[in-house]
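After the C-alpha coordinates below, expect a handful of questions from me.
The values are calculated or read from the model by the stated rules, or taken from the named source; none is laboratory data. Just so we're clear, the structure is a prediction, and the values are computed from it rather than from any experiment. Quick reminder, even Gly has a Cβ in these numbers, built from the backbone with ideal geometry, and neighbours come from all protein chains shown. Ligands, DNA and RNA are stripped out before the accessible areas are found, and what is left, the full protein with its side chains, is counted by its heavy atoms. Shrake-Rupley method; radii C 1.70, N 1.55, O 1.52, S 1.80 Å.
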Amino acid sequence: MIYLKGRSTHKHVPAEPGMSLLELAMKYKVEWGFSCTRGTCARCRCHVSAGMDILSEPNDAEWDRLEPEEIEQGYRLGCQARVEKDGEAIVASRPYF
Ligand code: FES
(Lines give C-alpha, C1' and ligand atoms only; values in the text may rest on other atoms or scores of the structure.)
Protein backbone atom coordinates (compact mmCIF):
# COMPACT_ATOMS: atom_id res chain seq x y z
CA MET A 1 0.00 0.00 0.00
CA ILE A 2 1.05 3.56 -0.62
CA TYR A 3 -0.17 6.34 1.65
CA LEU A 4 -0.79 9.30 -0.67
CA LYS A 5 -1.11 12.69 0.99
CA GLY A 6 -2.78 15.01 -1.48
CA ARG A 7 -3.78 18.61 -0.97
CA SER A 8 -7.00 17.81 0.85
CA THR A 9 -7.28 14.01 0.66
CA HIS A 10 -5.08 11.40 2.33
CA LYS A 11 -5.59 7.81 1.18
CA HIS A 12 -4.05 4.34 1.26
CA VAL A 13 -3.93 3.05 -2.31
CA PRO A 14 -2.57 -0.23 -3.70
CA ALA A 15 1.07 -0.16 -4.91
CA GLU A 16 0.37 -1.10 -8.53
CA PRO A 17 3.58 -1.83 -10.45
CA GLY A 18 3.95 0.19 -13.65
CA MET A 19 1.80 3.11 -12.47
CA SER A 20 3.32 6.52 -11.80
CA LEU A 21 2.53 8.20 -8.48
CA LEU A 22 0.46 10.77 -10.37
CA GLU A 23 -1.51 8.06 -12.18
CA LEU A 24 -2.24 6.38 -8.85
CA ALA A 25 -3.40 9.66 -7.34
CA MET A 26 -5.69 10.28 -10.29
CA LYS A 27 -7.05 6.72 -10.34
CA TYR A 28 -7.91 6.81 -6.63
CA LYS A 29 -9.05 10.43 -6.61
CA VAL A 30 -6.39 11.93 -4.39
CA GLU A 31 -6.12 15.60 -5.25
CA TRP A 32 -2.65 16.06 -6.82
CA GLY A 33 -1.28 19.03 -8.72
CA PHE A 34 0.02 18.42 -12.22
CA SER A 35 0.11 20.03 -15.62
CA CYS A 36 2.53 18.68 -18.21
CA THR A 37 2.86 14.97 -17.19
CA ARG A 38 6.20 15.03 -19.04
CA GLY A 39 8.51 15.99 -16.21
CA THR A 40 8.94 19.69 -16.96
CA CYS A 41 6.45 21.74 -14.89
CA ALA A 42 7.20 20.20 -11.44
CA ARG A 43 3.62 20.83 -10.29
CA CYS A 44 3.48 17.16 -9.39
CA ARG A 45 6.55 17.42 -7.15
CA CYS A 46 6.19 15.24 -4.09
CA HIS A 47 8.17 14.01 -1.10
CA VAL A 48 8.71 10.33 -0.45
CA SER A 49 9.27 9.87 3.30
CA ALA A 50 9.23 6.06 3.19
CA GLY A 51 9.40 3.32 0.59
CA MET A 52 11.72 4.83 -2.01
CA ASP A 53 12.92 1.26 -2.65
CA ILE A 54 9.63 0.27 -4.28
CA LEU A 55 9.88 3.16 -6.80
CA SER A 56 11.85 3.52 -10.02
CA GLU A 57 15.22 5.33 -9.87
CA PRO A 58 14.99 9.08 -10.65
CA ASN A 59 14.99 9.45 -14.46
CA ASP A 60 16.62 12.10 -16.70
CA ALA A 61 13.58 14.42 -16.51
CA GLU A 62 13.76 14.40 -12.71
CA TRP A 63 17.52 15.06 -12.69
CA ASP A 64 16.92 17.97 -15.11
CA ARG A 65 14.02 19.53 -13.20
CA LEU A 66 14.97 18.93 -9.55
CA GLU A 67 18.11 19.94 -7.69
CA PRO A 68 20.42 17.06 -6.71
CA GLU A 69 19.82 18.04 -3.06
CA GLU A 70 16.07 17.65 -3.52
CA ILE A 71 16.48 14.18 -4.98
CA GLU A 72 18.79 13.32 -2.09
CA GLN A 73 16.12 14.49 0.37
CA GLY A 74 13.47 12.30 -1.24
CA TYR A 75 11.72 14.68 -3.63
CA ARG A 76 10.38 13.18 -6.88
CA LEU A 77 8.17 14.14 -9.77
CA GLY A 78 4.89 12.29 -9.39
CA CYS A 79 4.43 11.91 -13.14
CA GLN A 80 7.86 10.29 -13.54
CA ALA A 81 8.35 8.15 -10.42
CA ARG A 82 6.83 4.73 -11.03
CA VAL A 83 5.93 1.89 -8.73
CA GLU A 84 8.21 -1.05 -9.44
CA LYS A 85 7.00 -3.56 -6.89
CA ASP A 86 4.43 -4.02 -4.18
CA GLY A 87 5.37 -2.64 -0.77
CA GLU A 88 4.81 0.23 1.63
CA ALA A 89 5.47 3.88 0.90
CA ILE A 90 4.42 7.33 2.11
CA VAL A 91 4.25 10.13 -0.46
CA ALA A 92 3.09 13.72 0.03
CA SER A 93 2.27 16.23 -2.71
CA ARG A 94 4.76 19.13 -2.31
CA PRO A 95 4.59 21.59 -5.20
CA TYR A 96 6.76 24.73 -5.02
CA PHE A 97 3.67 26.94 -4.92
S1 FES B 1 3.12 17.01 -14.22
FE2 FES B 1 4.62 18.37 -14.94
S3 FES B 1 6.45 17.60 -14.06
FE4 FES B 1 4.95 16.14 -13.49
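Against the definition (free of Cβ contacts under 8 Å to residues at least 24 places away in the same chain, surrounded by fewer than 19 Cβ atoms within 10 Å (Cβ to Cβ) and out of contact with any His (no Cβ under 7 Å at 6 or more places or on another chain)), how does Lys11 come out, yes or no?
So Lys11 passes the test.
Please list, ordered by first then second residue, the pairs with beta carbon atoms under 6 Å, 6 or more apart or interchain, first in the range 64-86 and open to solvent by less than 80 Å² (accessible area, probe 1.4 Å), second assigned to a helix (DSSP H, G or I).
These pairs meet every condition: Leu77/Glu62; Gly78/Leu21; Gly78/Leu22; Cys79/Leu22; Gln80/Ala61; Gln80/Glu62; Ala81/Leu21.
If we scan the range 36-49, do we find a residue that is under 12 Å from the mean Cα position of the chain (by Cα), open to solvent by 30 Å² or more (accessible area, probe 1.4 Å), among the aliphatic types (A, V, I, L, M) and away from the ligand (no atom under 14 Å from the Cβ)? Don't jump to the end; show me each part of the working.
Step one: filter the range 36-49 for residues under 12 Å from the mean Cα position of the chain (by Cα), giving 37, 39, 42-49.
The next check asks that each one be open to solvent by 30 Å² or more (accessible area, probe 1.4 Å); those that pass are 37, 43, 47, 49.
Filter again for among the aliphatic types (A, V, I, L, M), leaving none.
No, there is no match, as no residue in the range 36-49 is under 12 Å from the mean Cα position of the chain (by Cα), open to solvent by 30 Å² or more (accessible area, probe 1.4 Å), among the aliphatic types (A, V, I, L, M) and away from the ligand (no atom under 14 Å from the Cβ).
If Gly39 passes every condition in (1) more than 20 Å from Glu67 (Cα to Cα); (2) assigned to a loop (DSSP other than H, G, I, E, B); (3) in contact with a Leu (Cβ under 8 Å, 6 or more places away or on another chain) but one, which one does it miss?
The failed condition is (1).
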